[in-house]
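See structure below.
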Amino acid sequence: MTRTPLIAGNWKLNLDHLEATHAVQKLAWLLRDAKHDYSEVEVAVLPTFTSLRSVQTLIDADQLPIRYGSQDISAHSSGAYTGEISGGMLAALGVTYSAIGHSERRQYHGEDEAMVNAKVKAAFSAGIVPILCIGEGLDIRKEGRQVEYTLAQLDGALAEIPAEKVSTIVIAYEPVWAIGTGEVATPADAEEVCGAIRVRLAQLYSDEVAKAIRILYGGSVKSGNIAAIMAEEDVDGVLVGGASLDPEEFSAIVRYRSHVTG
Ligand code: 13P
């Protein structure tokens, strides 16, 4: 398998710039002590916009192999859009990733498929890799429609995105009922939808593209449950919320391979 696993921490509305630099420093120390090989398992954090500059400065100064990204991106590149942050501005801060379409943005900020699609396009235009978040709520899960619902979100988000661009995208399957609830999807639940996402990517593009794209699981991931989730064939990493705020716990998640071997 050529897909490098990605362990990304979504800090949401937590950690100001002082706390953020402290957290990155501590994470870097812990992973250095553990002799973590970043080429084997990639590590990224998604701080708030106001912490990105400080995180960039620290990572650049110490040449830390940790990547960072934003939790959102404007669909617009410039102009009269008060409060927005453009892809160009994020790229200027060395941002690798932008989370797009997180369920909290869909729920609290009314982001619909057209908006998510526009943001995916904006990220690609700025040379930023989208981490496209999709996943069903509890009502849909209870009806057993999680696959069709999530694939419809995928189709909407990828409208008019050509194959030559899409292959770097990261997809995060985050069932809403598992976010921040402590209720983690079973490895089989995660694989059911992640596998279906890969099949759909092959239909939309090609087998080659589908095989290259990393698909993450997100929702109540912790050091105690990650190894079983990562053992699934179509799960190429995780997007971690609450547990990523604690560097000890997040570094234990990053080192999930050592859990299996003891
Ligand atoms: P939790 O890990 O806190 O459930 O959050 C998941 C998430 O929303 C990551 O984007």
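The values are calculated or read from the model by the stated rules, or taken from the named source; none is laboratory data. All figures in this text were calculated on a predicted structure; none of them were measured in a lab. We place every Cβ from the backbone using ideal geometry, glycine too, and count neighbours over all the protein chains shown.
The table that follows gives values for the structure above.
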quantity: Single unsatisfied condition, THR150 versus (1) assigned to a helix (DSSP H, G or I); (2) modelled with pLDDT under 95; (3) of a type outside the set (Lys, Arg); calculated: (2)
quantity: Residues satisfying the stated conditions in the stretch 158-196, i.e. in contact (Cβ under 8 Å) with a residue 60 or more places away in the chain and either of a type in the set (D, E, K, R) or assigned to a helix (DSSP H, G or I) (or both); calculated: GLU174, VAL176
quantity: Hits in the stretch 81-120 - residues which are in a helix (DSSP H, G or I), surrounded by 15 or more Cβ atoms within 10 Å (Cβ to Cβ) and either of a type in the set (A, V, I, L, M, F, W, C) or on the phi > 0 side of the Ramachandran plot (or both); calculated: MET89, LEU90, ALA91, MET115, VAL116, ALA118, VAL120
quantity: Scan of the stretch 16-40 for residues that are in a loop (DSSP other than H, G, I, E, B) and either surrounded by fewer than 16 Cβ atoms within 10 Å (Cβ to Cβ) or touching a helix residue (DSSP H, G or I) at 6+ places or on another chain (Cβ under 6 Å) (or both), ordered by number; calculated: ASP16, ALA34, LYS35, ASP37, TYR38, SER39, GLU40
quantity: Residue selected from the stretch 132-147 under the condition part of a loop (DSSP other than H, G, I, E, B) and in contact (Cβ under 8 Å) with a residue 40 or more places away in the chain, by the criterion nearest to the ligand (Cβ to nearest atom); calculated: GLY135
quantity: Verdict on ILE229 being more than 15 Å from the ligand (Cβ to nearest atom), crowded, with 20+ Cβ neighbours inside 10 Å and either part of a helix (DSSP H, G or I) or touching a residue at least 60 places away in the same chain (Cβ under 8 Å) (or both); calculated: no
quantity: Test: residue in the stretch 254-262 that is in contact (Cβ under 8 Å) with a residue 40 or more places away in the chain, within 12 Å of the ligand (Cβ to nearest atom) and either out of contact with any His (no Cβ under 6 Å at 6 or more places or on another chain) or not in a loop (DSSP other than H, G, I, E, B) (or both); calculated: no
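Listed here are the residues, each with its yes/no results for (1) within 22 Å of MET115 (Cα to Cα); (2) basic (Lys, Arg); (3) crowded, with 22+ Cβ neighbours inside 10 Å.
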| residue | (1), (2), (3) |
| --- | --- |
| THR150 | yes, no, yes |
| ASP155 | yes, no, no |
| LYS165 | yes, yes, no |
| THR168 | yes, no, no |
| ILE171 | yes, no, yes |
| THR181 | no, no, no |
| ASP189 | no, no, no |
| LEU201 | yes, no, yes |
